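Below: the structure, in structure tokens.
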Amino acid sequence: MSQKDTLLHLVAGGCGGTVGAIVTCPLEVLKTRLQSSGLTLRPVFQVQLGAAVSGGAGVIRPGAVTPSLLQVLRSILEKEGPRSLFRGLGPNLVGVAPSRAVYFAAYSKSKETFNGIFVPNSGPVHMSSAGCAAFITNTMMNPIWMVKTRMQLEKKARGERRMNALQCARFVYQKEGIRGFYRGLSASYAGISETMICFLIYETLKKEMAEQRMTEANKGATDFMGLMVAAAFAKGCASCIAYPHEVIRTRLREEGSKYKHFFQTGRLIAVEEGLAALYRGLIPQLIRQIPNTAITLSTYELIVYLLRESS
């Protein structure tokens with residue numbers, strides 16, 4: 001790959017990631033809040049037992065349940081204001097462009113390498129390339145995502161002073177040192193499986209679409225709409241399969257939490273809250289990630305195409 005091609009993928013990946021991050025930021029905040037350990041309504045309702053069965057006065061017991069997406073949204077709007085739905089957007093914008101740029105550049109470079117090892121453009125090539133790109137990106141960008149998560153978990157009432165990204169980073173460094181910025185990295189590495197699955201499905205669908213067209217010469221609006229649908233389908237499948245690592249990562253990044261390691265955190269969540277807790281926040285994740293991935297990948301493909309046509 002020439003330097004010009006590498007630059008092309010950097011620009012296209014950065015633009016695609018930035019557009020997707022801005023559009024879907026509120027959904028990411030909602031997802032992160034749902035994943036956190038502190039999100040349980042206490043009490044949510046009371047259950048009367050014994051009255052209907054024995055005819056007695058019954059026993060009143062408090063109940064607790066994980067709130068719904070709409071309940072969390074209403075709570076944030078009422079207590080913290082609409083601006084809280086964009087908490088963490090600053091570090092997200094700082095990180096998403098370079099992370100997507102690095103990812104797509106590393107993916108293209110890796111694919112070129114693995115095409116010389118495996119059958120060109122085969123499943124192993126796409127999975128290996130996606131895995132390498134995700135490993136590089138996660139290692140480089142984890143400190144920024146750590147700050148973003150901490151900002152999204154910060155709950156402040158209207159009018160209360162909130163930490164900005166630099167203040168949050170300084171706080172993490174003072175409390176936990178450099179290692180604090182890499183909390184949740186093990187879960188991010190586990191999440192590489194999601195990226196590999198996503199790109200395997202996406203590239204397979206993309207290849208089938210290209211074969212149906214029989215030519216890459218004419219790309220119209222229908223072609224890019226098809227890429228968006230393919231990306232959305234691929235990300236939806238991958239997210240459902242690999243989602244628990246998202247919950248584990250958020251728990252590991254909580255301030256002063258009892259969660260220390262990847263498997264310890266997963267076991268603790270399953271024992272204390274049940275296996276269903278490992279899928280808390282899945283709905284907003286799907287609502288966020290499916291359009292985000294569709295926007296990012298289709299924007300990337302469009303910019304690559306336009307830049308190549310203009311050169």
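Where a number appears in this text, it was derived from the coordinates with a stated rule and is not lab data. Keep in mind the model is a prediction, meaning the values are calculated, not measured. All Cβ positions, even for glycine, are placed from backbone atoms using ideal geometry, and neighbour counts span all protein chains on display.
Note on Lys258: aspartates and glutamates with a C-alpha under 20 Å away, same-chain residues under 8 apart excluded, are Glu154, Glu176, Glu246, Glu272, Glu273. Ignoring aspartates and glutamates fewer than eight residues from Lys111 along the same chain, the ones with Cα atoms less than 19 angstrom from its Cα are Asp5, Glu194, Glu203, Glu208, Glu301. Dipole magnitude for segment 3-310: about 1220 debye, using +1 per Lys or Arg Cβ and -1 per Asp or Glu Cβ, origin at the Cα centre.
Taking the mean number of other Cβ atoms within 10 Å as a proxy for protection, how do you rank 145-151, 180-186, 73-79 from highest to lowest? It would help to have the intermediate numbers written out before the result.
Values: 145-151: 25.1, 180-186: 20.0, 73-79: 14.3.
My ranking of the peptides, most packed first, is 145-151, 180-186, 73-79.
Taking the Cα atoms of the chain, the ratio Rg/Rh between the radius of gyration and the Kirkwood radius comes to 1.04. Across Val94, Val125, Val19, mean-square fluctuation computed from a Gaussian network of the chain (C-alpha pairs under 10 Å connected) peaks at Val94. Of the GluC sites (Glu not before Pro) found in segment 239-311, those in coil by DSSP whose Cβ has at most 15 other Cβ atoms within 10 Å are Glu255.
Taking 19 Å as the cut-off for C-alpha to C-alpha distance, list the pairs among Lys4/Lys109; Lys31/Lys235; Lys207/Lys235; Lys79/Lys175 that go past it.
On the way: Lys4/Lys109 13 Å; Lys31/Lys235 16 Å; Lys207/Lys235 17 Å; Lys79/Lys175 28 Å.
Check vs 19 Å cut-off fails for Lys79/Lys175.
Relative to the longest principal axis of the Cα atoms of the chain, helix 262-273 runs at roughly 40 degrees. Of interest is the spacing of the C-alpha centroids, which for segment 264-308 and segment 70-98 amounts to 16 Å. Neighbours of Ala133, meaning other residues whose beta-carbon lies under 15 angstrom from its beta-carbon, give a summed charge of 0 when Lys and Arg score +1 and Asp and Glu score -1.
Near Ala21, within a Cβ-to-Cβ distance under 12 Å, what is the net charge of the other residues, with Lys and Arg +1 and Asp and Glu -1?
+2
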